[in-house]
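To keep things clear, I will list the structure first and then write my remarks on it.
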Amino acid sequence: MTDSIINFQSAFPPQDEVSWQQILAASLKNIDSSNSLLKETFEGFSLKGLYHTENTTYFSNHSGFPGAYPFLRGDKTTGNRKKSWVISQSFQTEDKNQLNKFIKEAFVYGVGNIHLDFDRTSSLSRGLKSSNDLKDIFDEVDWKGKHFSFQFYDDFLLGSTFLMDFLQRVLEQKSENFHIHNDPYYCLLLKGKLPFSMERVFSHVAEVCHTLEQTSDSLKGLMISTSLYHNSGASYSQEIAYALASLVDYLEQLKKSPLKLEKILSQIVFEFSFDANIFLNVAKIRAFRFLYHKILQTYGIEDKKQFPCYIKVVSSKRMLSLYDAWTNMMRISSASFAAALSDVDMIETFTHDSVLLENYSAKKEYDQELSYRLSRNISHILKDESYLSKVIDPTGGSYFIEELTHQLSEKAWQLFLQIELKGGMGKAITEGMIQSEIAKVKKLRIDKVNKRKTKITGVTQFSQRNEVLSENWEEKKRPSYHIEEKDCSSDLMKKLVQSARDYTLFQGAKGDLIHSLFDVYRDGLSFEKAAQILHSQSRPISAEKLNVFRLSQDFEKLRWEYESLERKVEVNLVIVGDYASLNARINFCRDVFEVMGLKCHEIHVSENTEQWPAEKICAQGAVLICSDSLRTENEKKLLSILTKDCVKVFTAGQPFEKQKTKPLYLGCDIYQLLEDFLHHVKEGK
C-alpha cells in the first residue's frame, strides 16, 4: 500500500453562492429560496437561509484570534480551556433558614457564585435590622474561593455599606470575589425614581468603588445590566447600544472622582439576558466586545488586553412561561448553550418554574430543591458532558455568525450615536427616549405572539388543556412588615443627618458619610430607618418606568381567569366534508381554543345540511369547518339550529363577504378573539 497525498482543493472544489442557491432550490423543490427562507428580526434586517463568503467579507477578514484585538472571539487566548465560566445561582425564598440551606447545598454541588437581590419591599430585606441578621443567611457557609454578588435596588450607598460592615465586622474575613451590583440607570428605570440627584448617586457609587478598591483589587462595585431592557422588550441591537451608552455616561461621571479610569473599568460587570435564540445571542456578545474596545480607544487606552469586559449572562425572563413550565427547560438550556459558546465569565440559569415561584405560593408542599438542582445541572452538562469548557471559540469563522455580528455592530453603533447626540444615556432616560424606543419593539413582539407568528410551546401551541394551575397554586400575598426599631444613639443619628447635609460631591463627606453609616448600623439602626433619614435630606430624580413582561403572560392571564370561573364551556368543531382535506383547519382551530384550556369536540356532518343533527351540534361555542365554496350556505344553516346557549360562533378560513360569524384564520389576532370569547362566557351571552 502506497501513501497518497489528497489534493483537497481538487477533491472539494469551492462553490460560489449561485451554485449553493441552485442546490438549495433543488432541495426545496424549486421554491424560491431567496424569499421563502427569509426570517424577519426586530433589528431592521432579515436572516437568510444561506450565508456565503461572498457576502460576509468584513468580519471574516477582521475577526482576528481569540484574546486579540478586536476581541470578537473572546478576551482569553485559551477560551474556556483554562478558565471556564462560573456557575451562578439565585434563590426565590424569603425564609433566611431555607436560604442558608440552599446556599450551602449549591456550593457542595459545584455552584461558584451566589447572587442575592435585596429589594426593600421584600420581607427578606425589610427584616434586616442590622448586619447581624445577614449572619443567619451565611451561617456556616465557607466563603473561601467562592463568588458572591449582591444587588440593592433602592440605595447603593446604604446597601453597600450594610454589606461591607457585615463582611468586615461580623464575618471577620474577606471574600476575594465579592460583587456589589450598583447600576443607577437600571434602578431608575425599574423603580421610576432614585432617592438622590444623578450626580450624588454617582458620587455614592464612586465612594463604594473606592472603598472596595482599598479592600481588594478583585472586588467589583459597578454593574451595567441590559436585563431590564431585554425583559421589557428591547431588540438585541438596543441592548448593545444601551450598554455602551451607559458605559460612557458612567465613565464620564466617575472621572470627576479621584478614581482612575483603569480602576473604574476593573470594577464593572456587564450583565446580559439570553433568550432561546442561540445565534443572535452569540453575535450580540461578539458585537458588544468589538464596540466596547472601540470605545476604549477613544479614551486613549492602547493596551486593550489589560481591560477585558467581565460579562455575566442570566436567563431571559420574557421567554419563560407559567403554564407547561417544563418547556422552559428547553429555552433555558438553549440560552445557557449560547452563553457557553460566547466565552462569558459567569452564567446564571433560572429554574424552569421561576415564574411560579416568584408570583405564586404552592397550596401544598412543593420541591424547590429539585428545581435548583436541575437548573445548575444545565451548566454542569454543558461543561462536563458536552465539553464546552474544553474548546476555544467554536463559532469562529461561521459565515452566519460573522455576518450577524457585523449587522448587529453597525445597527447598535448607529443607535449609540443617536443617544450621544441626544445628550447621553441619562438624558435619554429622563426624557423618555429609551422607554419609547423599547415600547415600539415590545408592541411588535406582542403582535407577533397574538397572531401566532411567534409560537410559544405549551402556551399558544401544543398547550396542555388538562393543566389547571389554580388547583395547586395561589397568587402570592405581599404582607406589610413592621420592624421593631432598637433605640439608636441620638448623637449618632445627628451625626448621620449632618454628614448627609455636609456631603460634597465626589469628595466624600465632611462628616464621613460611610463611617457614619457604619456607626449607626452597629448601634442597631435598621437599613430601612437609615434610608428614611438619608432620603429626607435629598431631592429625588424620576423617570418613566420600564415594565417587565413575558411573551406568554396575556394568554396565561386569560386561561387563569377561565379556570377561576364556575361556568365551564365546550366548543364543537362542526366539520363538513372530507376530513383529510380539512385537517390543517381542524388542528388550527383546536389549538386556538386549547390555549385557554377549552375542551373541543369534533362533530362530523354531511354536506347535506338537512341531515345535520341539531342536538349534537349545539354547544356554548361552535366553529364551522368546511371548504370555502360551502361556507355561506353552511353558516346560514349552523346559525339557524344553534340555541341561545351558544355564546359565540366562528367560521374557519379567511373572512368572506356578508359573513355573520367570527372568522378564524392563520394570522388573525387570536388573543383578541379569545378575550372576546371569555367576555361572552363571563357575561353568559
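Values for this structure:
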item	result
nm² value of the averaged projected area, convex hull over the Cα atoms of the range 545-685	9.7
Per-residue SASA entry for residue 142, accessible area with 1.4 Å probe, Å² rounded to 10	90
The range 244-302, Cα convex hull volume normalised per residue, Å³	87
Vicinal HN-Hα couplings computed from phi for the range 98-113 (Karplus, 6.51 cos²θ - 1.76 cosθ + 1.60; Hz; Gly/Pro x)	5, 4, 4, 5, 4, 5, 5, 5, 4, 5, 5, 9, x, 6, x, 9
Theoretical FRET efficiency, 1/(1+(r/R0)^6), r = Cβ-Cβ of residue 584 and residue 93, R0 56 Å, to 0.05	0.75
Net charge of neighbours whose Cβ lies under 10 Å from the Cβ of residue 389, counting Lys and Arg as +1 and Asp and Glu as -1	+4
Solvent exposure of the range 369-442 as accessible area per residue, Å², 1.4 Å probe	45
Of 442/636; 364/529; 101/453; 76/263; 260/390; 263/440, those spanning more than 32 Å from alpha-carbon to alpha-carbon	442/636; 364/529; 101/453; 260/390; 263/440
Rounded to whole Hz, the Karplus (6.51, -1.76, 1.60) HN-Hα couplings of the range 674-680, x for glycine and proline	6, 4, 5, 5, 5, 4, 5
Estimated inter-spin distance, residue 384 and residue 301, nm [label 7 Å along Cα→Cβ]	3.5
Stokes-Einstein D in µm²/s, Kirkwood radius over Cα pairs - the range 201-311 at 10 °C with 1.306 mPa s viscosity	108
Gain upon complete extension [residue 523, residue 65; 0.36 nm per residue less C-alpha separation]	159.3 nm
Accessible surface, the range 602-685, averaged per residue in Å² (probe 1.4 Å)	54
FRET efficiency, 1/(1 + (r/R0)^6) with R0 60 Å, evaluated for residue 451 and residue 82 via beta carbons	0.80
Protection proxy ranking of 625-631, 657-663, 330-336 - average other beta-carbon atoms within 10 Å, highest first	330-336, 625-631, 657-663
Surface accessible to a 1.4 Å probe, residue 360 within the full protein complex, Å²	30
Efficiency of FRET between residue 21 and residue 374 - r from beta-carbon atoms, R0 45 angstrom, step 0.05	0.55
Accessible-area ranking of 539, 81, 376, 73, largest first, probe 1.4 Å	539, 81, 73, 376
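The values are calculated or read from the model by the stated rules, or taken from the named source; none is laboratory data. Remember, predicted model here, so these are calculated numbers, not experimental data. No Cβ is skipped: glycine too gets one built from the backbone with ideal geometry, and neighbour counts run over all protein chains shown. When the accessible area is computed, the model is the full protein with side chains, heavy atoms only, and any ligands, DNA or RNA have been set aside. Shrake-Rupley method; radii C 1.70, N 1.55, O 1.52, S 1.80 Å.
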